[in-house]
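S.K.: Quick one: structure below, then a few questions.
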Amino acid sequence: MGQTPDKYYQINGIQQIGIGVKDVHKAWSWYRKAFSMDVPVFEDEATANLMTRYTNGIAESRHAVLALNMQGGGGFEIWQFTSRTPNSTDFEILPGDLGIYAVKIRVRDINRAFNHLEKLGAEMLSPISKTPNGVNAFFSQRSF
């Protein structure tokens, strides 16, 4: 049949999303409660040699947990530096900057999900509202 041209390739899923935190165990505890990310694929400490593009060319040591939930979808790689103390940027992070700015998670009941995250201490950045394609959505965040 031949090879499909590049213009027809489509991303159908994400293997995992990396979430950098200051305290991996505190964050993972919250993600277990918030998203049922309670199936550890691995937990280890290592030097992140493949991440130097994101760490000013320096191979940093880190502690990481890759966790999944039993309903499928991508995993959360929750990690923290062990070779240095993380610091905030000296600029406002905006969509289009290097890295992932937001993650979309499908839920069965959006009102229940909103209330659940709010109860767990997530900062609700928007109310539930319709996206341009007519789907209900909201934005929230939680920092660790």
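S.K.: Going from most exposed to least, what order do 21, 103 have by accessible area with a 1.4 Å probe?
M.R.: Details: 21 10, 103 85 Å².
The residues order as 103, 21, largest area first.
S.K.: Taking 35 Å as R0, compute the FRET efficiency from the Cβ-Cβ separation of residue 32 and residue 90 and round it to 0.05. Write out the running numbers ahead of the final one.
M.R.: Numbers: r = 33 Å, r/R0 = 0.93.
After rounding, the FRET efficiency stands at 0.60.
S.K.: Using a Förster radius of 35 Å, what is the FRET efficiency between residue 23 and residue 133 based on their Cβ-Cβ separation? Nearest 0.05, please.
M.R.: Details: r = 37 Å, r/R0 = 1.06.
For residue 23 and residue 133, the calculated efficiency is 0.40.
S.K.: Continuing with this model, one more query. Can you sort 11, 78 by 1.4 Å-probe accessible area, starting with the largest?
M.R.: 11, 78
S.K.: Next up: Nearest 500 deg cm²/dmol is fine: what mean residue ellipticity at 222 nm does the chain get from its DSSP H runs of n ≥ 4 alone, each adding -39,500 (n - 2.57), divided by its residue count?
M.R.: Working: 2 runs with 22 residues, N = 144.
Rounded to the nearest 500, the figure is -4500 deg cm²/dmol.
S.K.: Another one. Ordering 104, 22 by accessible area with a probe of 1.4 Å, largest first, what comes out?
M.R.: Numbers: 104 180, 22 130 Å².
Of 104, 22, the descending order of accessible area is 104, 22.
S.K.: In nm, what is the difference between 0.36 nm times the number of residues separating residue 142 and residue 126 and their Cα-Cα distance?
M.R.: Fully extending the segment from residue 142 to residue 126 adds 4.4 nm.
S.K.: Efficiency by 1/(1 + (r/R0)^6): what FRET value for residue 70 and residue 7, r their Cβ-Cβ distance, R0 = 35 Å, to the nearest 0.05? If you can, show how the numbers build up before the last one.
M.R.: Working: r = 36 Å, r/R0 = 1.03.
So, using R0 = 35 Å, E works out to roughly 0.45.
S.K.: Now for a separate question. Would you mind getting the accessible area per residue of the chain, heavy atoms of the protein chains only, 1.4 Å probe, in Å²?
M.R.: Working: 11030 Å² over 144 residues.
On a per-residue basis, the chain sits at 77 Å².
S.K.: Using percent of Cα pairs over 21 Å apart as the read-out, say which of [x] 59; [y] 54; [z] 43 was calculated from these coordinates.
M.R.: It is the value labelled [y].
S.K.: How much solvent-accessible surface does residue 26 expose, in Å² to the nearest 10, with a 1.4 Å probe and all protein chains in place?
M.R.: My reading of the accessible area for residue 26 is about 120 Å².
The values are calculated or read from the model by the stated rules, or taken from the named source; none is laboratory data. Keep in mind the model is a prediction, meaning the values are calculated, not measured. Because the Cβ atoms are built from the backbone with ideal geometry, glycine has one as well, and the counts that use them run over all protein chains shown. The area values use the complete protein model at the heavy-atom level, side chains included, leaving out ligands, DNA and RNA. Shrake-Rupley method; radii C 1.70, N 1.55, O 1.52, S 1.80 Å.
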